[in-house]
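The next block holds one structure in the form of structure tokens; read it before the comments.
The values are calculated or read from the model by the stated rules, or taken from the named source; none is laboratory data. Just so you know, these numbers come straight off a predicted model, no measurement behind them. Cβ placement follows ideal geometry from the backbone for every residue including glycine, while neighbour counts extend to all protein chains displayed. When the accessible area is computed, the model is the full protein with side chains, heavy atoms only, and any ligands, DNA or RNA have been set aside. Shrake-Rupley method; radii C 1.70, N 1.55, O 1.52, S 1.80 Å.
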Amino acid sequence: MTENMSVPAAPYAPEPESEPGPVRKPRRWPWILGIVAALAVGVGIGVAGTPSDEENQAMIDTSVAAAVSDQRAQLAAEQAEAAAALDDAKKQAAAASTAQRAADNAHAAADSRSAELDKREAALLPREADAAKSTFGNGMHLVGRDINPGTYRTAGGSYCYWERLSGTSGEFDDIITNDNVSGASVVTISSSDVAFKSSGCGTWTKIG
């Protein structure tokens, strides 16, 4: 039987100091990746914030369309205002034309009435002139110019003197016939008589 035998312990020897290993430099690639990531995000933000050419063109088209729409609306309003003014002018012209036609018609009617009255007056003048020559008073009157020949009557008065004359010289030989009456008197004046003279006889009126 083998006996347990103790093995003598090895003498203590101090561990040799370990030599310093190479110094590790800090790793740079994580920082580089961070910077690249930040730049990518910034570029993405910049790209996202900057409109594209299509977006720019779309905004321009929208602005132009809005401006054109505003101009068209303003032009339409101005055209409507001009049309309304023209319509008012036409209405006023039509009213003025109607008033002018009415005035012209009134003037024409007045002219026609005046012409008619002139004709009637022209027709009455000879009658009035003839009537005037058929009534006269005291004094000397030329036959055919101042008085018409014919038979005349007067109411006369207390003293009525009349003469039919062949002349107007005042000579006695001019007297064709005469009379001195009181009260009413009737005398016939011939167309061959030159004049007729009366005094105190009143108004002579032709009766035939």
Accessible area expressed per residue, segment 59-208, with surrounding protein chains retained (probe 1.4 Å, Å²):
66 Å²
Through the Karplus equation 6.51 cos²θ - 1.76 cosθ + 1.60, θ set to phi - 60°, convert the phi angles of segment 147-162 into ³J(HN,Hα) values in whole Hz; use x for Gly and Pro.
9, 8, x, x, 9, 10, 9, 9, 6, x, x, 5, 9, 10, 10, 9
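Of the trypsin sites (Lys or Arg not before Pro) in segment 141-208, which ones lie in a loop per DSSP and count no more than 11 other C-beta atoms within 10 Å? Walk me through the numbers before you get to the answer.
Values: sites: ARG145, ARG153, ARG164, LYS197, LYS206; in loops: ARG145.
The qualifying sites are ARG145.
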How charged is the neighbourhood of GLY170? Take every other residue with its Cβ under 12 Å from the Cβ of GLY170, and add Lys/Arg as +1 and Asp/Glu as -1.
-3
Cα gyration tensor of segment 122-197, axes a ≥ b ≥ c as square roots of the eigenvalues: rounded (a/c below 1.5), prolate (a/b > b/c) or oblate?
oblate
